[in-house]
Amino acid sequence: MHTAFLTAATWRIISTISLLLTSFYSLWLYTSYIRPERYGVIALALTIMAYLPYFDGGFRTVLNRAILASTDAGVRAGLLRFGQKLYTYLFLGIVVGNLLFMAIYGLMPGARAENLSLGFFLLFALANALTSSANIQWGVFVAAQQQSKLYILQTLSAWAAVNALAWAFSAGWELWSIPFGSAVGFAVSYPLSIRWIKLTFPGIKIFDVTTGAEFREQFRRFRNEAWFCFRAQITTIVLYSADILIIGYFCPKAEVAVYYVIIRLIGMTRSLLQTGGEVGWPFLAQRGGASREDSIPWFGFHGWIYGSVGGALAVVSIPFCSWYMGEAWTVSPELLWVVVLRFIVVGLGSSATYLLYALGEFRPISKCLEVELVAGLILGTVGGYMAGSLGVATGFLLATGGGTLIPVYVAYARRGGTSFWHVFGTIWSRAVLGFAGSYITATLLMKTIVHGVYIPFIASIAVAVSFLLAFALAMSRQRFPLHFDARQFRQLIRKI
């Protein structure tokens, strides 16, 4: 299992870094070739498109967990057949639904004010719907514990898309470059994915519209669990898109575009840090979840990671955006602090969420997120009316108190057989120490090192210093001679 985990984690890191680099390149292309006002119109559509792969009805995650937890080959084969039939209809539904949504969006005043044709939005919808549907289909590799193939396909698609985007922008296609890039990414990666699915699951049908008694039985069996998973996914989409919607109502388009850039930067960073959770929960599901002895080090490690990265982001984000994209694309220091604090709270909460995924406990996840969403909509709207984008961001930060700040840890403690205070104290004590070490280091380095291209290296050094602090504290707690054999190294990691 360790080899499979390390291979999957390596490709997940490669994939996420590729997505990070291609996203940075895309942002540079957008800001170089498109005016902020014009980009503000398409920013909302891009945000929604990024979440399309979550529109799988919740079944992909639930089915993957059920397949991983089963040891019966016949049961696993039946679940695979059911999944392919179900996702054939979802594939069609996503394409049709996305076309309808973007057709309506293209007729709204903001889009018409920029003279964007309905044809552009329909092509944009089709290209992104195909790409998102393919990503949902690739999720079948998780059930075979071959996540590496999923991440390879995502990497290939990302690089093909961004290179096509750059070529189209240089050719003068302007906004039409965006759907062209998505279409090229799909065309390059999808044929390979079909080949790999056929090799991994011999005899499986890629598209299957037949239904029968077995299909109806499986649907009834998983619909409740999938419903709560789907609710969590939909709530997540709205929760992390509603702020930009509210800001779009209260603020000018240029301010919307700038806010979108910073939350995109923060979101890409969080995606990279979630590698362990994304790769790890299927392995934990196969084992029936994480033991109490394993869960506490898991929380401690996440505390150090998100705290140290959050400290670096608080220092380098504004100088980085100013250097990389220009002064017009930077947010205020106050807004940055609010966004970074929310990044830390949400990132730390994901550690409990992934453990609940491994246990198949989707109901408490959805309830925590729904409470946070309702609070965010109320507080964000009030904040937007009173203080613009800063008020909206502050409202959504306060709303985490109803979901990812405390309740999600309570939910895991009840089902994981551990103490809430032990979990909460472990993760937040590490986060505070990591943040302080990284923030102080980055601040000192920014005062002594020339900025510009060195900013990412400054952030990396700051995070590394925090991890050295973590290991130093862990070593100070060792109660036996340290020889650095495998057993003692594992014990050292547990003390972090």
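So for region 99-144, what are the equivalent ellipsoid semi-axes in whole Å, largest first, each being the square root of 5 times an eigenvalue of the Cα gyration tensor? All intermediate terms of the calculation are to be shown ahead of the outcome.
Numbers: eigenvalues 193, 13, 9 Å².
Each semi-axis is √(5λ); the values are 31, 8, 7 Å.
Stretched out straight at 0.36 nm per residue, the stretch from residue 220 to residue 73 would grow longer than its current Cα-Cα span by 50.8 nm. Compared with the direct C-alpha span, the chain from residue 100 to residue 249 gains 51.4 nm at full extension, assuming 0.36 nm per residue. A Cβ-based charge dipole, computed about the Cα centre of the chain with Lys and Arg at +1 and Asp and Glu at -1, lands at about 1260 debye.
Computed from the C-beta positions of residue 419 and residue 241 and an R0 of 25 Å, the FRET efficiency is 0.10 to the nearest 0.05.
Here Cα extents along the principal axes in Å was calculated from the structure, and among (i) 69, 62, 40; (ii) 83, 54, 47; (iii) 97, 53, 44 it sits at label (i). The order of 214, 370 by accessible area, most exposed first and with a 1.4 Å probe, is 214, 370. Rolling a 1.4 Å probe over the protein chains gives residue 422 an accessible area of about 70 Å². Rolling a 1.4 Å probe over the protein heavy atoms gives the chain an accessible area of 43 Å² per residue. Of the accessible area of the chain, with the probe set at 1.4 angstrom, what percent is carbon plus sulfur? Heavy-atom surface of the chain belonging to carbon and sulfur, 1.4 Å probe: 67 percent. Modelled label positions at residue 467 and residue 174, each set 7 Å beyond Cα in the direction of Cβ, lie 4.5 nm from each other. Here the Karplus relation 6.51 cos²θ - 1.76 cosθ + 1.60, evaluated at θ = phi - 60°, turns the backbone of region 121-134 into coupling constants of 5, 5, 5, 4, 5, 5, 4, 6, 5, 5, 5, 5, 5, 5 Hz, with x for every Gly and Pro.
Can you give the FRET efficiency for residue 440 and residue 28, using 1/(1 + (r/R0)^6), R0 = 22 Å, r = Cβ-Cβ distance, to the nearest 0.05? Don't skip to the end; give the middle numbers.
Numbers: r = 30 Å, r/R0 = 1.38.
It comes to 0.15.
Taking every DSSP helix (H) stretch of at least 4 residues in the chain, weighting each as -39,500 (n - 2.57) and dividing the sum by the residue count yields a mean residue ellipticity at 222 nm of -28500 deg cm²/dmol. Distance between the 7 Å Cα→Cβ label points at residue 21 and residue 115: 3.8 nm.
With the alpha-carbon atoms as the only input, what is the per residue convex hull volume for region 195-334 in Å³?
On the way: hull volume 30.8 nm³, N = 140.
Per-residue hull volume (Cα only) is 220 Å³.
Report the calculated FRET efficiency for residue 37 and residue 213 (r = Cβ-Cβ distance, R0 = 56 Å), to the nearest 0.05.
On the way: r = 56 Å, r/R0 = 1.00.
For R0 = 56 Å, the calculated efficiency reads 0.50.
Grab the Cα-Cα distance for residue 3 and residue 200, subtract it from 0.36 nm times how many residues apart they are, and report the gain in nm with one decimal.
Value of the extension gain: 69.1 nm.
Protection proxy ranking, highest mean first, for peptides 69-77, 371-379: 371-379, 69-77, where packing is the per-residue count of other beta-carbon atoms within 10 Å, averaged.
The values are calculated or read from the model by the stated rules, or taken from the named source; none is laboratory data. Just so we're clear, the structure is a prediction, and the values are computed from it rather than from any experiment. Neighbour counts run over all protein chains shown; Cβ positions are idealised from the backbone, glycine included. Surface areas here come from the heavy atoms of the whole protein model, side chains and all, with no ligands, DNA or RNA. Shrake-Rupley method; radii C 1.70, N 1.55, O 1.52, S 1.80 Å.
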